[in-house]
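The values are calculated or read from the model by the stated rules, or taken from the named source; none is laboratory data. Not measured: the values here are computed from a predicted model. We place every Cβ from the backbone using ideal geometry, glycine too, and count neighbours over all the protein chains shown. Heavy atoms of the whole protein, side chains included, go into the accessibility calculation; ligands, DNA and RNA do not. Shrake-Rupley method; radii C 1.70, N 1.55, O 1.52, S 1.80 Å.
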Amino acid sequence: MNDQAIRVDNLCKRYGPVVAVDRINFQVAPGELVGFLGPNGAGKSTSMRVLTTFLPATSGVASVCGFDVMNDSMKVRECIGYLPESVPLYPEMRVEEYLVYRAKLKQVDRSIRKARVENCLEKCRVKEVRRRLLGTLSKGYRQRVGLADALIADPKVLILDEPTSGLDPIQIRQTLETIKELAGTHTVLLSTHILSEVEAICDRVIIINRGTIRWDGKLSKLGEQVPLLVMEVRGPAEQIPLWLEGQPGVKKVVTKPMEDGLLSVEIEQERGQDLRESLGKKVIEKGWSIRRLDLRRRNLEGLYTDVVLNRET
Ligand code: ATP
């Protein structure tokens, strides 16, 4: 029984010789709000376009609300609202007219159509431009009309490819609030390059790089990790890491020379340890000096950088 809102099994997508998505697997439960992250060209839009039935997969299986994207594509389209990376709009149509047209196309019942259009105009803050020609809208407004279109049939699953791209800071905050409100009653898969947006609204992130999934987990897991001890020390560069590695409570030491003769040091500590005071004291006793000594908690930016640069996480 498939009770997942989104299910992806061994999905591959090639464009000729380019492997854009390479045997990825993930599931999204109903009501989850998941951030889908990765650098340019990682395979995010491709995965989203396969899930939304706009592209056929090369191999593997994907389903939305239990419907297979290949065999039941019309059913899948009924379940999803999709905001593509660049929103295709008819320039000669007016905003409200376009949403009414899209509502008809998506078979929103006539009796509730007007109310749905009104609701989406309001929710996506495009009421004030309802009579404007789409071709004359700024990028931010086009993006918001695209979001209104994705919501028009009140779909169970929303697939949003960079929904805040092109928006000003206030619009970004409002759009994120709208997306957060939708979660719980809707399942949302959201791609963005803005990590703070993900930290603000998502419970879980999936990081994809070069077509493969590199990390999939709850953001709350990051807070449970032991913080790193970071130091900047002046002393003999060859001796310092060896000496630090021999100290009790130290698991791993990574050093990097800095421009001004100092050594930047990152120390992985044993769980439950805070070596700042004891280690700081011993370093001074060795006759070396310290310019910086503090703890660094793991955040999404640190995780993302490690994952994308292929460092151990
Ligand atoms: P971005 O953050 O830049 O939007 P992305 O993670 O969405 O990137 P994709 O657009 O899915 O990445 O691209 C994945 C890979 O597939 C890239 O190497 C890209 O160049 C390639 N690609 C995408 N579309 C096509 C296409 N139509 N033909 C050939 N290669 C393509």
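Quick rundown of the values:
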quantity: Additional length obtainable on full extension of the chain from Arg14 to Thr136, 0.36 nm per residue less Cα span; calculated: 40.3 nm
quantity: Long-range HN-HN contacts of Ile208 with modeled amide H, under 5 Å; calculated: Leu37, Gly38, Arg214
quantity: The chain - Cys residues lacking any other Cys C-beta under 4.7 Å; calculated: Cys12, Cys120, Cys124, Cys202
quantity: Percentage, to the nearest whole number, of Cα pairs in region 157-313 over 24 Å apart; calculated: 50 percent
quantity: Kirkwood hydrodynamic radius (C-alpha pairs) into Stokes-Einstein, region 173-265, 20 °C and 1.002 mPa s, D in µm²/s; calculated: 125 µm²/s
quantity: Once exposed loop GluC sites (Glu not before Pro) are cut out (DSSP; at most 12 other Cβ, 10 Å), longest piece of the chain; calculated: 93-223
quantity: Helix-derived mean residue ellipticity, 222 nm - over the chain, DSSP H n ≥ 4, -39500 (n - 2.57), to 500; calculated: -9500 deg cm²/dmol
quantity: Trypsin sites (Lys or Arg not before Pro) within region 1-44, DSSP loop, no more than 15 other Cβ atoms inside 10 Å; calculated: none
quantity: Net dipole in debye of the chain [+1 Lys, Arg Cβ; -1 Asp, Glu Cβ; about Cα centre; nearest 20]; calculated: 760 debye
quantity: FRET efficiency estimate (nearest 0.05) - Cβ-Cβ, Ile194 to Gln225, R0 22 angstrom; calculated: 0.45
quantity: Phi-based couplings in Hz for region 85-100 (Karplus 6.51, -1.76, 1.60; Gly and Pro marked x); calculated: 4, 10, 6, x, 10, 7, x, 8, 8, 8, 3, 5, 4, 5, 5, 5
quantity: Euclidean distance between Cα centres, region 295-309 to region 56-109, Å; calculated: 35 Å
quantity: Accessible surface of the chain, 1.4 Å probe, proportion on carbon and sulfur as whole %; calculated: 49 percent
quantity: Pairwise label distance in nanometres, Glu181 with Asp3, each label 7 Å out on the Cα-Cβ vector; calculated: 3.0 nm
quantity: Of the trypsin sites (Lys or Arg not before Pro) in region 88-196, those whose Cβ has at most 10 other Cβ within 10 Å and which sit in DSSP loop; calculated: Arg131
quantity: Rounded to whole Hz, the Karplus (6.51, -1.76, 1.60) HN-Hα couplings of region 238-247, x for glycine and proline; calculated: 7, 7, 4, x, 4, 5, 4, 4, x, 7
quantity: Linear extension gain, Ile112 paired with Val254, 0.36 nm per residue minus alpha-carbon span; calculated: 45.0 nm
quantity: For region 269-283, Karplus couplings with θ = phi - 60° (6.51, -1.76, 1.60), whole Hz, Gly/Pro x; calculated: 9, 5, 4, x, 9, 10, 8, 3, 5, 5, 6, x, 4, 5, 4
quantity: Rg/Rg_ref, the chain, where Rg_ref = 2.2 N^0.38 Å and atoms are Cα; calculated: 1.25
quantity: The chain: angle of helix 139-151 to the longest principal axis, Cα-based, in degrees nearest 10; calculated: 70 degrees
quantity: Reach of Lys156 by Cα under 29 Å, taken over lysines that are not fewer than 8 positions away in the same chain; calculated: Lys13, Lys44, Lys75, Lys104, Lys106, Lys114, Lys123, Lys127, Lys139, Lys180, Lys218, Lys221
quantity: 16 Å cut-off, amide nitrogen to a point 7 angstrom out along Asp203 Cα→Cβ, residues in region 26-63; calculated: 27-36
